[in-house]
Amino acid sequence: MTAPTQDLKLFQPGRIGDIAIANRVVMAPLTRSRADEAAGDVPGSALNVEYYRQRSGAGLIVSEGTQIAPLGKGYIATPGIHSEAQVQGWRRITQAVHEAGSKMLAQIWHVGRVSHPALTGGLQPVAPSAVAAQVLVRAHEGKLPAPLPHALSVAEIADVVDQYRRAAANALRAGFDGVEIHGANGYLIDQFLRDGANHRSDAYGGTVENRCRFALQVVDAVAAEIGAGRTGIRLSPVTPANDLADGNPQAVFGALVQALDRRGIAFIHLIEGATGGPRDVPGFDYGWARRHFRGAYIANNGYDRETAIAAVASGRADAVAFGRAFLANPDLVQRLKTGAALNKPDPRTFYSPGAAGYTDYPTL
Ligand code: PHB
């Protein structure tokens, strides 16, 4: 027997670092490819505002991945947070979300080698090492093989760290309550962390400590800019997404979690298993991460009503993030409270322009 809804911790207020949240249901970051590309990857159209406003029943919304620079972009029509027009666009969204009673983080993103000059204004993608990802990149021209990336120099790495810092400053100016650093799913930070893409022999490669260096420099730069209590990171220790793997995920991500704990950041957001796929991928102990990190633990990947309620009730997680369920159910929290059936997401409209499959999913 589950407790009456009002007693379930999943639906009770809480805190993520400095941010007070009305419940522990989080909207996970979701690429929707509906920013205004012609205007310069600018979010904040009436449709974008409506999409996020509809989902403000979440205690916390994490924005779709938002590039910190033109080279950070790897998909069609993803929004940025490096220009003034982008900041003003985001302001319209955060204002609507706040008026509806929710909180919102900017997910700040650099895709690294998972890109193509067709998406970066002709620039060659960058990575820790000159090793191409065996993936197809979705561009206007169709699906294109990810090219050989340029291996970042130490000076160039410092510039990218500074782009993250500026993106975090922009996020607060845009009205966000904080920032989620995208450290997951085979993108730039993850490319430094895991030995499948990091073949460096300098201070940023080789040992676990060296492979964590870039992630921690980004965290330190962001936390110094906006405060540790408004800074968190999303990680996916074992996901095979974007052709990335590591020989010993427990060693790398264990060391990283302990270093993050020492920094006192607000949260870690863990994709448990394969992103959007099976949870039972071996290689990392999420309970260990929970016990070794004193900030909030946001759990993600394949949760449903019962498993989310149980994870928060038992203390295994402070909050649970839902991706596809939130995409297709703007009133997800209401549905979880009542046990109502969920709408099914339609993959044909995940990345298509317009309202279909974006703002037209039915509510109860
Ligand atoms: C995607 O659009 O497929 C996508 C974007 C960001 C992620 C994962 C998947 O972290």
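The values are calculated or read from the model by the stated rules, or taken from the named source; none is laboratory data. In this text the structure is predicted, and so the values were computed from the model without any measurement. Using ideal geometry, Cβ is built from the backbone for each residue, glycine included, and neighbour counts are taken over all protein chains shown.
Going by the structure shown, is Pro353 buried (at least 19 other Cβ atoms within 10 Å of the Cβ), closer than 26 Å to Leu47 by Cβ and in contact with a Ser or Thr (Cβ under 8 Å, 6 or more places away or on another chain)? Break it down into steps so the answer makes sense when it comes.
Values: buried (at least 19 other Cβ atoms within 10 Å of the Cβ): no; closer than 26 Å to Leu47 by Cβ: yes; in contact with a Ser or Thr (Cβ under 8 Å, 6 or more places away or on another chain): yes.
It is false that Pro353 is buried (at least 19 other Cβ atoms within 10 Å of the Cβ), closer than 26 Å to Leu47 by Cβ and in contact with a Ser or Thr (Cβ under 8 Å, 6 or more places away or on another chain).
A count restricted to segment 239-274 and to residues that are within 22 Å of Ile61 (Cα to Cα), among the aliphatic types (A, V, I, L, M) and out of contact with any Phe, Trp or Tyr (no Cβ under 8 Å at 6 or more places or on another chain) stands at 4.
Working only within segment 133-144, note down all residues that are surrounded by 16 or more Cβ atoms within 10 Å (Cβ to Cβ) and either part of a loop (DSSP other than H, G, I, E, B) or touching a Gly at 6+ places or on another chain (Cβ under 7 Å) (or both). Outline the logic, then answer.
Residues of segment 133-144 surrounded by 16 or more Cβ atoms within 10 Å (Cβ to Cβ): 133, 135, 137-139, 144.
Correct list: Ala133, Val135, Val137.
Restricting attention to segment 9-53, the residues that are within 16 Å of the ligand (Cβ to nearest atom) and part of a loop (DSSP other than H, G, I, E, B) add up to 11.
If you take the residues in segment 162-191 that are in contact with a helix residue (DSSP H, G or I) (Cβ under 9 Å, 6 or more places away or on another chain) and of a type in the set (Asp, Glu), which one is nearest to the ligand (Cβ to nearest atom)?
Per the criteria, the residue is Asp190.
Residues in segment 1-50 that are of a type in the set (S, T, N, Q) and out of contact with any helix residue (DSSP H, G or I) (no Cβ under 7 Å at 6 or more places or on another chain) were compared, and the one that is surrounded by the fewest Cβ atoms within 10 Å (Cβ to Cβ) is Gln6. The selection criterion, being within 16 Å of the ligand (Cβ to nearest atom) and either of a type in the set (Gly, Ala, Ser) or more than 30 Å from Val42 (Cα to Cα) (or both), holds for Ala215. Among the residues that make up segment 269-283, is at least one of them in contact with a strand residue (DSSP E or B) (Cβ under 8 Å, 6 or more places away or on another chain) and either modelled with pLDDT under 95 or aliphatic (A, V, I, L, M) (or both)? Yes, there is a match, as at least one residue in segment 269-283 is in contact with a strand residue (DSSP E or B) (Cβ under 8 Å, 6 or more places away or on another chain) and either modelled with pLDDT under 95 or aliphatic (A, V, I, L, M) (or both).
Taking first residues from segment 270-295 that are over 20 Å from Ala255 (Cα atoms) and partners that are outside any loop (DSSP other than H, G, I, E, B) and aliphatic (A, V, I, L, M), the Cβ contacts under 6 Å between residues at least 6 apart in sequence or on separate chains come to Thr275/Ala241.
Pairs linking a residue in segment 166-188 that is among the charged types (D, E, K, R) to a residue that is within 16 Å of the ligand (Cβ to nearest atom), with Cβ atoms under 6 Å and 6 or more positions apart or on different chains, are Glu180/Val62; Glu180/Leu105; Glu180/Gln107; Glu180/Gly232; Glu180/Arg234. The residue pairs whose first member lies in segment 338-364 and is basic (Lys, Arg), whose second member is part of a loop (DSSP other than H, G, I, E, B), and whose beta carbons are closer than 8 Å, counting only pairs six or more residues apart or on different chains, are Arg348/Gly357.
Restricting segment 227-263 to residues that are surrounded by fewer than 20 Cβ atoms within 10 Å (Cβ to Cβ) and among the polar types (S, T, N, Q) leaves a set whose member that is farthest from the chain's Cα centre (by Cα) is Asn248. Only a single criterion out of (1) more than 30 Å from Asp18 (Cα to Cα); (2) in contact with a helix residue (DSSP H, G or I) (Cβ under 7 Å, 6 or more places away or on another chain); (3) assigned to a helix (DSSP H, G or I) is not satisfied by Leu123, namely (3).
Look at segment 91-116: where a residue is on the phi > 0 side of the Ramachandran plot, no partner that is of a type in the set (D, E, K, R) sits 6+ places away or on another chain with Cβ atoms under 7 Å. Filtered by the rule that a residue be more than 16 Å from Leu172 (Cα to Cα), surrounded by 24 or more Cβ atoms within 10 Å (Cβ to Cβ), away from the ligand (no atom under 16 Å from the Cβ) and within 17 Å of the chain's Cα centre (by Cα), segment 56-110 gives Ala58, Gly59.
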